[in-house]
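All remarks here apply to the structure that follows.
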Amino acid sequence: MKLLSIFILLFICISSAQALSCSVESFRFENDTKCSKSYLGVEGELWISRENTGYTYRVIPNVSLISQDTEGEYFKLLPGINYTLQIEHSVDSNCNSIKSIYVPDWKFIMDPPKCKYSQGSWTFIPPKKGVDLASIEASCQDGPCNYTSIDDEIILSYSDNNMNCEFSPPIYDISNKYPNLKTQDTLLYRNTGSIQLFDLSQYSLISLENIEPINVPDSPVGSGYWNNLSYGHYTLKLQSLDCGLQYIPIYIDGQWPDYYFEFTKNETCPRNSSVKIFLDDPLFYESGASVSINGDNIPEGQSTYLNSAVNGEMINLGFIHPQYISTFTVYASKLIGDIHYTFDPCTNLVTLFYNESLYSDLIAFYDQGDIEIVDKKFTFPPTRREAYLESPCHFYPIKIITDQGIKPSYTIAKPQLFCGDTIDVFVGNYYEFTELTMGYMGDIQHDENGYFRDINPGDFIINYKSSECYKPQTLDIPTLKYGADEYEEIIEIITYPTCLTSGNVSYTIRDVKNNIFSQTAYYSFFPSEGIEMYTMFDNFCQQDFRTYWMAPYITKEIQNFPKQFYPHISNATCRYSDDGSMVFPANPSMSVPTIYIDGKEYTRQVSIGGDLYTGIPYGSHRVVIPITNCNVDFVQDIFIGTANDWEFPATITPVTGDCSVQNGKITYDADLFSQVTDPQSLTGLSSGIKPIHFALKDDSCYGTANLYVPSKTTSSAHVMIRSQPSCDSTEDGLIELYISDQVGNKHQPTQVMKGSDVSAFPTFSLYEGSYDFIVFNNSCSWPVNVRLEAKNPQFEVTQIADNIINCNQKTLVSVKPLDSTIVVNSVSTNADGANYSNNLFSYRPNVFLKNRQFWVQYNDKCVKSITTEQNIVSLYDQINWPTISTPSVDCLDPSVQNIALEVSNPSNMTLYPNKEAFPISKIYVSTYNTYDAHFTVKDIPTQCWKEIPYINGAPGSIPKTITAPTCPGGLEGSIKVDADPKTTSHLLYDYAFDSTIQFDPSINKYTNISSNTPLILVASVQGNPFCSFYQPINIAVEEPSVSVSSVGYCDSSDTPIADTGYVTTTLSITTTNVTYSLNEVVSTNPVFKGLSVGQYNSTVTIYNSFCKRVIKSNPVYVAQLPSVSVSVDVSTCMKAVVTPAAAHIEHIYTIKDSTNKVVHETELKGKFTFTATYKDKYSITVSDDTCSYSTTFTITECPTQPPAQPPTQPPTEPPTNAPTTSGSSSTEPMPSSSIILLPSTIAYLILSVLTLYLYL
């Protein structure tokens, strides 16, 4: 048998009395130990030979079978258990014995960290016996090995005189709980760092320790606060009930002081203003530090003048200390120019409005050079869409764009259901454009009603030209893209690599909801190679998909011979010939000197075409192909065919009896052959294959006919499949062949034939596939076929932990086989991962897909892909990031130039101006700039970064009057700034294009403003030009809509109470030049009267300078209204049952008596009963909003009768069914002025009289 190299001989204590000599071969068994990655310790293995003839055995306690082969069975032995092996022989009792087996029980036990950076430990448990303790060397032998998640890896080792083991367990935290603390970085040049711990009551131990040689200042007892810290690494040691002992790493970074600038206006050239820096550290200069601006050293409290011609919009700031130097580039003040313009799209003429004496240096330019200004006007270059205005001394460049025409107002009439799906687009203001198409080629036209239908994503672009004066423009429409939970990745290994060739793997994406598949991309790969994969849908989907896949470390040589090296096969002459051949093509990278076909060795013959093998018989064969240059054997099934289907004509007589006599026989007509085995020699045969050498007279077939002589007996042969192969690449399927007699007793065969191989043993290790055997018992034999199918092992994937370290999330899972014969070697997925002992695997989920695919390598040569649903979420998305607000300030105050941003900063966060800069304590917002900016924040527990955006400048409300466009896309919108132009400068920016909007000073309005466009209004006052305040503006306008209603005609029996037969069209906006069309009848009146019954189509046309629309509504129907008439049933006294002709419609009912007094009113559907309180002639009127109907009815009294017996109710009590409200009850009062005999009473009287007559 094959033993693992790490096996050792167990300590065996044999507790049996001295026995007499055993007359037969001793019972064969072996017991060993091996390293157990599952137990992180040791486990035992007991091997029992299959050749223990006559023996029976028993193991106490029971053991589980883990594998078997042709030599024996393997059982698992647990450590620390005393096993007893009882052995008995069926004949010789001297061979009986009892063996005691013990597996040493050493192991490693983990106490995992409870929280982030908590201390975990590994403890070594030594064996109680069975090993020389003095020879043991093990990790954690002298005490627990403590660790935290900051450690890179853990290696646990064990060795003694007989074995060596090494384990790699994972490092993970059970939870991500982290203490609530704040840190303050230190100034680089003096110690100002601090750490503040909160929630002190949770901790029984608090201690700050230094990692580097740094002195830790004393902290007030119980304060949890340390200050005057220098920069460097610290460890905060905490002990709590929830987290145990935690070692929190803290890095105090070095920083320069927070600062801001103040500017003083240069009256001659304001952009070259003087600037002074203010530092938050009053001891900055005393510490030997200094500041430089634009290369000039600036003494404390001094200012310097800027030179915008040299430095533009930027300031080069330097902090200098004898030990440190840092430089930064920051924005200077961005002064607003009091300049405006109008633009004529037909002439490309820009007319400027400004004080020429003030801005004598005004220039206009574009990316190719300057533009000449003449009389405060300049013309746009004909091919350009943008230009700039600048005063080098007074204000920074502002951008002007020409694309300010009407924009398409579109809606998606039919949205995408999946990525790549088509859409329908409706452009509501299609009437406004001289040119309107879709598609990148601009060749898709609408249906003349503004609808573009079935547009592919590649053409999601609207091309438009609003008038002859404007240049053609485009507008992109966003396309649908899948979220991470809406698709799944499918990676399939098509072919495995071999020692000669690469494998092939495919990558496909599936739309989970719609079950749509992407293109399948194919990639070649080698074992353990990382592959960048890419694919996309072929249905115009604009989204691409990428992943990184790590190939499993495996090759496959079973039924995987490379196709480029596959041999050319030549047929045999007939089914009995052995003249088939195959040629392996010549190839310098591969040589095939020898092959084995069904166990028989074949030697190559060198030919021009390559390595030639001849003499191969007809039929299916398993070929073993040794490849010397990579030291592996390929196993490949081939088939030698033939074009001749002639069959040998023989009569076969089976062997009969008890298998002790050879009485089989083969007969045939020898005259058919030119040469043949003598038929006389084929009598008295045993069962089995008998070769007959022959050649037909016509030479059409020759060779050897292997004819089978069967057995006809009461016994039979059978096969028992003891285990299926682990996969199609392993030869570990196990079968056992046996003979069963007529009473069911099992017997071992005398021999077994498999192909041309004969074996005395009935057990075989096999690959997956179909096999034919002949089982012999003396002169009898029986054919047996068995088919083995590879196992399909199942694995249990369990999520153990989710941690995030250095902003890399790591998910730890356990991948355990449910079959004890399956041993996991490694796991991989399409993400960076690592394998550990105990079937644990970690990976970094770069994409949080709903499903994740794993590749499990097991039993060395097998791989299985499993897909599981993920329950993990992004820990980054769960971080509580800071929020900000900018306080309002008064720009009229000349001292206001900076604002300290209000940051709602949670614990454990550090602020930075950007990711590459030093940390900061405050964020100063400059009011002298209005540009988008951001600061960066780092989450200390996870080391993750995030950019927090904000706008420089002071938020404020600027007095203004907004006039919205009538329709979306229109340009008659305007904003009038209600501020004194002598004291206030302002500009309106298109936020998307960072360009200014034209302004007409004659009406003090920004004009040509479209709807649904993000704008930002910026203003500054002359008294403080270094303070700009801004207000975001978005003028939302909805597309006009039309609603249509109709009123039908009353029934002839009804009376109209309002106009009938008309249609009313209601437009959602109020504007001019509106026409209404109903079935092509055009009117300026939205009400169409005098219509006949039928269906009508309504169209509303708006055509004015502000809005042009053609709006078609849904068809409206002028109906013949159902009658509101009723029938009144007064057959029951004091009641009227009212039944409407249209019971499904709600009607208003009014009932009056003869004096015209309303006695009953109701509004309901269906019939109802009116109960009167007095007899009278009543009238009823029924109506809806359009029609009414009236009729009369008469209520009569009900007759009364005396009671036959005393009343059961007191006369003072009302009847139980007395009405509760006038005119609405169904009760029937009994008038006292009449007597009524009920039919039942009359019948009773007649019956009584008849009975009395018969009696008399």
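What ³J(HN,Hα) values, in whole Hz, does the Karplus curve 6.51 cos²θ - 1.76 cosθ + 1.60 give for segment 1152-1166 when θ = phi - 60°, with x put for Gly and Pro?
Each residue of segment 1152-1166 in turn: 10, 8, 5, 8, 6, 8, 6, 10, 7, 9, 7, 9, 6, 9, x Hz.
Considering only C-alpha atoms, what is the centroid distance from segment 383-424 to segment 702-769, in Å?
81 Å
Where a Cα-Cα gap under 17 Å defines reach, which lysines qualify for LYS265, not counting those fewer than 8 residues away within the same chain?
Cross-link targets: LYS276, LYS334.
Which three extents, in angstrom, do the Cα atoms of segment 27-173 have along their principal axes, listed largest first?
67, 31, 22
Ordered by residue, what ³J(HN,Hα) values in Hz, to whole numbers, does segment 96-111 give under the Karplus form 6.51 cos²θ - 1.76 cosθ + 1.60, where θ = phi - 60° and Gly and Pro are x?
Each residue's phi maps through the Karplus curve to give 5, 7, 10, 10, 9, 10, 9, 9, x, 10, 6, 5, 10, 10, 9, 10 Hz.
Where does segment 48-93 land on Rg(C-alpha)/(2.2 N^0.38 Å)?
With N residues counted in segment 48-93, Rg over 2.2 N^0.38 Å equals 1.27.
Divide, for segment 839-882, the radius of gyration over alpha carbons by 2.2 N^0.38 Å, where N is the residue count.
Compactness ratio reported: 1.57.
Average the reciprocal distances over every distinct pair of alpha-carbons in segment 147-201, invert the result, and give the Kirkwood radius in Å.
Hydrodynamic radius (Kirkwood, Cα pairs) of segment 147-201 is 15.9 Å.
For segment 427-543, what relative contact order do you get, as a whole percent, if you take Cα pairs closer than 8 Å and at least 6 residues apart?
17 percent
Within 10 Å, count the other beta carbons around each residue, average over each peptide in 1103-1114, 624-635, and list them highest first.
Ranking the peptides 1103-1114, 624-635 by packing returns 1103-1114, 624-635.
Give me the percent relative contact order of the chain, please, defined on Cα pairs under 8 angstrom at least 6 residues apart.
Answer for the chain is 6 percent.
HIS394: accessible area at probe 1.4 Å, nearest 10 Å²?
We get 30 Å² for HIS394.
Can you work out ³J(HN,Hα) from phi for every residue in segment 545-558, in order, using Karplus 6.51 cos²θ - 1.76 cosθ + 1.60 and θ = phi - 60°, giving whole Hz and x for Gly and Pro?
Each residue of segment 545-558 in turn: 10, 9, 7, 10, 10, 9, 5, x, 7, 7, 10, 9, 10, 9 Hz.
Could you name the aspartates and glutamates in cross-link range of LYS600, using Cα to Cα under 14 Å and dropping any fewer than eight places away on the same chain?
List returned: ASP578, ASP757.
Report the convex hull volume per residue for segment 17-95, counting only C-alpha atoms, in Å³.
Looking at segment 17-95, the number lands at 107 Å³ per residue.
Which translational diffusion coefficient, to the nearest whole µm²/s, is obtained for segment 301-396 from the Stokes-Einstein equation, given a Kirkwood hydrodynamic radius over C-alpha pairs, 37 °C and 0.692 mPa s?
My calculation gives 204 µm²/s for D.
Evaluated at 20 °C with a viscosity of 1.002 mPa s, what Stokes-Einstein diffusion coefficient in µm²/s does segment 805-917 have when Rh comes from the Kirkwood expression over alpha-carbon pairs?
After rounding, the answer is 116 µm²/s.
Which residues' amide hydrogens lie under 5 Å from the amide hydrogen of TYR1178, considering only partners 5 or more residues apart or on another chain, with H built in the peptide plane?
PHE1193, THR1194, ILE1195
How would you order 836-849, 418-431 from highest to lowest mean count of nearby Cβ atoms within 10 Å?
Put in order of decreasing packing, that is 418-431, 836-849.
Quick one: accessible area per residue over the chain, 1.4 Å probe, rounded to a whole number of Å²?
Per residue, the chain has 50 Å² of solvent-accessible surface.
Take GLU972, GLU356 and sort them by solvent-accessible surface of the protein heavy atoms, 1.4 Å probe, largest at the top.
GLU356, GLU972
Of the listed pairs LYS407/LYS1005; LYS377/LYS960; LYS850/LYS938; LYS128/LYS237, which have alpha-carbon separations greater than 31 Å here?
Too far apart for the 31 Å limit: LYS128/LYS237.
Segment 1028-1116: D in µm²/s via Stokes-Einstein (Kirkwood Rh, Cα pairs, 10 °C, 1.306 mPa s)?
Taking Rh from Cα pairs, D becomes 105 µm²/s.
Could you order PHE526, PHE75 by accessible surface area, starting with the largest, using a probe radius of 1.4 Å?
Ranked from most to least accessible, the order is PHE526, PHE75.
Which of the lysines could a cross-linker bridge to LYS665, judged by Cα under 22 Å and excluding same-chain residues fewer than eight apart?
Partners found: LYS690, LYS712.
So what's the angle, to the nearest 10 degrees on a 0 to 90 scale, between helix 1239-1255 and the longest Cα principal axis of the chain?
For 1239-1255 against the chain, the angle is about 60 degrees.
Got a sec? Charge dipole of the chain, +1 on Cβ for Lys and Arg, -1 for Asp and Glu; which of PRO567, GLY733, VAL1087 is way out at the positive end?
VAL1087
Gap in Å between the Cα centre of segment 839-853 and the Cα centre of segment 1094-1141?
So the separation of the two Cα centres works out to 62 Å.
If you roll a 1.4 Å probe over segment 35-129 with all protein chains in place, what percent of the accessible area is carbon or sulfur?
Solvent-exposed carbon and sulfur of segment 35-129 make up 49 percent of the total.
What percent does the relative contact order of segment 331-460 come to when contacts are Cα pairs within less than 8 Å and at least six residues apart?
16 percent
Taking each pair of different alpha-carbon atoms in segment 776-828 once, compute 1/r for the pair, average those values, and report the inverse of that mean as the Kirkwood hydrodynamic radius in Å to one decimal.
Value: 15.7 Å, from the Cα pair sum.
Taking the alpha-carbon centroid of each part, what is the distance from segment 1049-1089 to segment 521-597 in angstrom?
Here the two parts' Cα centres lie 78 Å apart.
Could you report the accessible area of ASP544 in Å², rounded to 10, computed with a 1.4 Å probe on the protein chains as they sit in the structure?
70 Å²
Tell me the accessible surface of ARG385 in square angstrom (1.4 angstrom probe, heavy atoms of protein chains only), to the nearest ten.
ARG385 exposes around 90 Å² with every protein chain in place.
Rank these by accessible area, largest first, 1.4 Å probe: PHE517, PHE278.
Putting PHE517, PHE278 in descending order of accessible area: PHE517, PHE278.
The values are calculated or read from the model by the stated rules, or taken from the named source; none is laboratory data. Quantities reported herein were computed from a predicted structural model and do not represent experimental measurements. Positions of Cβ are backbone-derived with ideal geometry, glycine not excepted, and every protein chain shown enters the neighbour counts. Keep in mind that these areas ignore ligands, DNA and RNA; they rest on the heavy atoms of the full protein, side chains included. Shrake-Rupley method; radii C 1.70, N 1.55, O 1.52, S 1.80 Å.
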